[in-house]
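This report refers to the structure that appears directly beneath it.
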Amino acid sequence: MTTEGTTTAVPRAGRREWIGLAVLCLPTLLASVDLTVLYLALPHLSADLGASTTQQLWIVDIFGFLTSGLLVTMGTLGDRFGNRRMLLISSAAFAAASLLAAYSTTPEMLIGARALLGVAGAAGMPAALALITHMFRDPAQRGVAIASWMSCFMGGLMLGPLVGGIMLEYFWWGSAFLLAVPIMLLVLAVAPVLLPEHRNPGAGKLDLLSVAMSLVAMISLVYGLKKLAQDGFTAPALLAMVFGVLVGVLFVRRQRSLTDPLLDLRLFSIATLRAALILGLLVSALNGGASLLVTQFLQVIEGLSPLRAGLWLLPPSLAMIIALFLAPGLTAKLKAGRVIALGLGIGVVGYLILAQVESVDGLGLLVAGFAVLLFGMGLPSSLGTMLVMGAAPPDKVGSASSLQQTSNEFGISIGIATLGSIGMATYRSELADTVPGTVPSDVAEAAGEGIAPASVLSAQFPELLAPARAAFTVGLNNVAWVSAALMIGLAVFAYFALRNTELSAMTPPTDIPQPAEQAPAADAAGVAAGRTDDTPQTVPPHH
């Protein structure tokens, strides 16, 4: 890429590319709608199929497990075999798996279909973002294209409850999955005409052991974090996370020893890309924790149905979409680090508003605070993706895309586990101090497991409801205070780490920093040595 202060003439996208962008946005919109619809459809399909509680959890979670675990592999496969080809394979597989899910007759059949949907989703997302980067070389146009693509994901989350509510009103639960079929068939029909193919012709063989190791490491870590969020610091959660870390360390060591690694660790030597990934991970963690508690507040404290909760979430989601489109324009006047720091500062204000929410008549303040928070988060979300993709070499954009999306997915899991644990600890402590003496000890202990069981138990013990709601709200307030403090630190980090980065001057380099010599057993010291700018430099070879 160009160094700061220089410009490179790059071709501007035309009508064909913008129509192609619409094709790339369709699967993203659909995937997010499908995800939200599932929560509404779950009670209906569970009753129809006779799914147990454990099976219901797997129906929901298997999609995310496999998506998170396969993003790195699928992004690298796109670089090796073609990103358009991966998108087409993903679309065909998603349509077939959606049909299988819609007409499932047993819980096991539906779990298998959801697993296939997760694999297909992992194949499609990095490919779509990589193709956008290739199609839109001009930084300003690329910013609008990425904002459009990301807004489709948020738009899908907004439309999901509304579309799902309408379809479940008039059709059976399988109709929620059938939404995917016509859209994916449209993508299959027009993508070969509108989208260019791009791959790295010099890519080597695929290391299947690395694929297995990355999948096991990510699934173990995500599973452990989910168990931590649900059950606290239990042995299964800790063992899963420790196992995931150990496999991850072995995976990194193996990548350093391969001539053609699954994940080229030299990507992390690009300073801008490294900083943007760190920000994406931590911002997603803070956002994931807050979103969990806000959603629970709407459905449990306020007692709203999923459909009505979705309607209340429309204004915050719209605020984030507006910020996604504002971000590229702001970089024309301010450097990327300052815009990201500004967004994080606005997010701090949103958290401070959430810290003032009360359990009674707190709905308006909750939605307002969440809207301010998501508006602030829209700036770093958009720019972070642009920085990662703009800093990546052209033959590694699939890998960079998978890293960016893995960072976001993993960050959300971390946020739900850690911030959710803070909220739960506060809830238990507050409830133990305020539960009325008329509530039996075993009932009080059961209510301490969470606000949802406390709400159910309040049907027999009405005096339990008010203290449980108050305790949950105090937990939300405490999480907001902690998140505000952490976000101030992130804003400072973003300002200094990206203070010299100008998005308008970013065009991808012609190649990744190359090793001094292509010897597979060469010394690895210094592979992770950082750079002060994004100018291609020679780094030591893998080991």
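Each row is one residue, and each column tells you yes or no for (1) in contact with a Leu (Cβ under 7 Å, 6 or more places away or on another chain); (2) at pLDDT below 90.
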{"position": "Asp79", "(1), (2)": "no, yes"}
{"position": "Asn83", "(1), (2)": "yes, yes"}
{"position": "Leu88", "(1), (2)": "yes, no"}
{"position": "Phe94", "(1), (2)": "yes, no"}
{"position": "Leu99", "(1), (2)": "no, no"}
{"position": "Ala102", "(1), (2)": "yes, yes"}
{"position": "Leu110", "(1), (2)": "yes, no"}
{"position": "Gly124", "(1), (2)": "yes, yes"}
{"position": "Ala128", "(1), (2)": "yes, yes"}
Looking at the range 429-442, which of its residues are surrounded by fewer than 18 Cβ atoms within 10 Å (Cβ to Cβ) and either outside any loop (DSSP other than H, G, I, E, B) or not assigned by TED's automatic domain parsing to the domain that holds Leu476 (or both)?
Ser429, Ala432, Asp433, Thr434, Ser441, Asp442
Options Leu215, Leu186; residue that is within 23 Å of Phe251 (Cα to Cα), among the hydrophobic types (A, V, I, L, M, F, W, C), modelled with pLDDT of 80 or more and assigned to a helix (DSSP H, G or I):
Leu215
May I ask you to say which residue of Thr272, Thr259 is over 16 Å from Ile422 (Cα atoms), surrounded by 23 or more Cβ atoms within 10 Å (Cβ to Cβ) and β-branched (Val, Ile, Thr)?
Thr272
Exactly one of these conditions fails for Thr473: (1) part of a helix (DSSP H, G or I); (2) farther than 28 Å from Gln356 by Cβ. Give me its number.
(2)
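If a residue must be closer than 14 Å to Thr473 by Cα and out of contact with any Phe, Trp or Tyr (no Cβ under 6 Å at 6 or more places or on another chain), how many such residues does the range 425-447 contain?
7
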Based on what the data block shows, is Val187 crowded, with 22+ Cβ neighbours inside 10 Å, aliphatic (A, V, I, L, M) and over 19 Å from the mean Cα position of the chain (by Cα)?
yes
Residues of the range 269-284 being assigned to a helix (DSSP H, G or I) and either touching a strand residue (DSSP E or B) at 6+ places or on another chain (Cβ under 7 Å) or of a type outside the set (Gly, Ala, Ser) (or both), which ones?
Ser269, Thr272, Leu273, Arg274, Leu277, Ile278, Leu279, Leu281, Leu282, Val283
Any hit, the range 181-203, residues being of a type in the set (A, V, I, L, M), in contact with a helix residue (DSSP H, G or I) (Cβ under 6 Å, 6 or more places away or on another chain) and closer than 17 Å to Val245 by Cα
no
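Of the residues Ala524, Ala505, which single one is at pLDDT below 80, in the same structural domain as Gly337 (by TED's automatic domain parsing) and not polar (S, T, N, Q)?
Every option except Ala505 fails the conditions.
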Could you list, in sequence order, the residues of the range 318-336 that are modelled with pLDDT of 85 or more and of a type in the set (Gly, Ala, Ser)?
Ala319, Ala323
Criterion (in the same structural domain as Met386 (by TED's automatic domain parsing), modelled with pLDDT of 85 or more, under 30 Å from the mean Cα position of the chain (by Cα) and over 22 Å from Thr426 (Cβ atoms)) met by exactly one of Leu476, Leu490, Leu486
Leu490
Any residue at all in the range 380-395 that is crowded, with 22+ Cβ neighbours inside 10 Å, over 30 Å from Arg266 (Cβ atoms), modelled with pLDDT of 85 or more and in contact with a Gly (Cβ under 8 Å, 6 or more places away or on another chain)?
no
Do you know which of the residues in the range 1-28 that are within 29 Å of Ala122 (Cα to Cα) and small (Gly, Ala, Ser) is modelled with the lowest pLDDT?
Ala13
Report yes if some residue within the range 246-258 is of a type outside the set (S, T, N, Q), over 16 Å from Ala217 (Cα atoms) and either under 21 Å from the mean Cα position of the chain (by Cα) or not in a loop (DSSP other than H, G, I, E, B) (or both); otherwise report no.
yes
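Consider Phe177 carefully, then state whether it is under 30 Å from Ser305 (Cα atoms) and in contact (Cβ under 8 Å) with a residue 24 or more places away in the chain.
Judged against the criteria, Phe177 is a match.
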Condition (residue is among the small types (Gly, Ala, Ser) and in contact with a helix residue (DSSP H, G or I) (Cβ under 6 Å, 6 or more places away or on another chain)) applied to the range 385-393: is it met by at least one residue?
yes
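Could you tell me how many of the residues in the range 443-456 are farther than 16 Å from Ser359 by Cα and assigned to a helix (DSSP H, G or I)?
7
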When the range 171-180 is checked residue by residue, the ones that are part of a helix (DSSP H, G or I) and modelled with pLDDT of 80 or more are Ser175, Phe177, Leu178, Ala180
Using the structure shown, decide if Ala459 is in a helix (DSSP H, G or I) and assigned by TED's automatic domain parsing to the domain that holds Trp481.
no
Starting from the range 216-243, keep only residues that are outside the structural domain of Leu66 (by TED's automatic domain parsing), then list their pairs with residues that are outside any helix (DSSP H, G or I) whose Cβ atoms are within a distance under 9 Å, requiring at least 6 positions of separation or different chains.
Lys227/Thr234; Leu228/Thr234
Of the conditions (1) in a helix (DSSP H, G or I); (2) in contact (Cβ under 8 Å) with a residue 40 or more places away in the chain; (3) not polar (S, T, N, Q), Arg199 satisfies every one except a single condition; which number is it?
(1)
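The values are calculated or read from the model by the stated rules, or taken from the named source; none is laboratory data. Remember, it's a predicted structure, so these values are computed and weren't measured experimentally. Please note: Cβ atoms are built from the backbone with ideal geometry, for glycine as well, and neighbour counts cover all protein chains shown.
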